Amino acid sequence: LTGSGQDVGVEALDAFFARTPRLAVAFSGGCDSSFLLAAALRAGCDVRAYGVRTAFQPAFEIEDAQRLAAELGADFELVDADVLAQGEICANGPDRCYRCKTFIFSTILARSRTSRTIRRTAPASRRSPSWAWCRRCVARA
C-alpha cells in the first residue's frame, strides 16, 4: 500500500523493465542492488551484474557479491577501477563521493559496452550499500 506522495514522478519498476529489457546493474551485493538484480531477472530482462574492485573494497565483500549473483543465476563481471589514480577524487574535495561514483559508474558503463550491448546502467540507489564505498573513502581520507 502506497500513499500518493510515494508515487509522484516515480516510474513503476515493471514499466522500467518493460522499456529497458537489457541492462547492467552496479552490484555491491547489498540489499538495494540485490533486489534490483533479482527483480530484473524475474522480469525476464537480459541483465548482467557488475561488481567493482577498488582500493576500498575488502575481498570478502566482492566474494559475497559474486556468490549472491551466482545464487540468483545472474552473470557477474568484476571490474577493476583505480579510484586512487583519479586526481579529482584524491584531491579530497567536498564532492569526492560524487566524483568517485561518477568514475565507478562510467567504468561500469564502458565495460558493459565492450562486453555486450547494454542500453542502461542501473545503480541501485544513492542510499544503497554501494554508497558505503564513499563512507570508507571519507574515513580513509
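Contact map, segment 92-111: residues that are among the aromatic types (Phe, Trp, Tyr) paired with residues that are open to solvent by less than 50 Å² (accessible area, probe 1.4 Å) and in a helix (DSSP H, G or I), Cβ distance under 8 Å, separation 6+ or inter-chain. Pairs shown: Phe103/Val83; Phe103/Ile89.
Yes/no per residue for (1) of a type in the set (A, V, I, L, M, F, W, C); (2) modelled with pLDDT under 95; (3) on the phi < 0 side of the Ramachandran plot:
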| residue | (1), (2), (3) |
| --- | --- |
| Ser33 | no, yes, yes |
| Leu37 | yes, no, yes |
| Asp46 | no, yes, yes |
| Glu63 | no, no, yes |
| Ala70 | yes, no, yes |
| Ala74 | yes, no, yes |
| Leu84 | yes, yes, yes |
| Pro94 | no, yes, yes |
| Arg99 | no, yes, yes |
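Could you list, in sequence order, all residues of segment 83-102 that are open to solvent by 50 Å² or more (accessible area, probe 1.4 Å) and assigned to a helix (DSSP H, G or I)? Hits for segment 83-102 are Leu84, Ala85, Gly87, Glu88, Cys90, Tyr98, Arg99, Thr102. Candidates in segment 105-141 are the residues that are touching a Pro at 6+ places or on another chain (Cβ under 9 Å) and at pLDDT 50 or above; of these, the one that is most open to solvent (accessible area, probe 1.4 Å) is Arg119.
Taken over segment 50-71, residues that are in a helix (DSSP H, G or I) and aromatic (Phe, Trp, Tyr) amount to 1. Summed over segment 8-40, residues that are closer than 20 Å to Gln66 by Cβ, of a type in the set (A, V, I, L, M, F, W, C), open to solvent by less than 60 Å² (accessible area, probe 1.4 Å) and out of contact with any strand residue (DSSP E or B) (no Cβ under 6 Å at 6 or more places or on another chain) total 2.
The values are calculated or read from the model by the stated rules, or taken from the named source; none is laboratory data. Owing to the predicted nature of the structure, the values given are computational and were not obtained by experimental measurement. Note that we place each Cβ from the backbone using ideal geometry, even for glycine, and neighbour counts take in every protein chain shown. All accessible areas refer to the heavy atoms of the entire protein, side chains included, with ligands and DNA or RNA removed. Shrake-Rupley method; radii C 1.70, N 1.55, O 1.52, S 1.80 Å.
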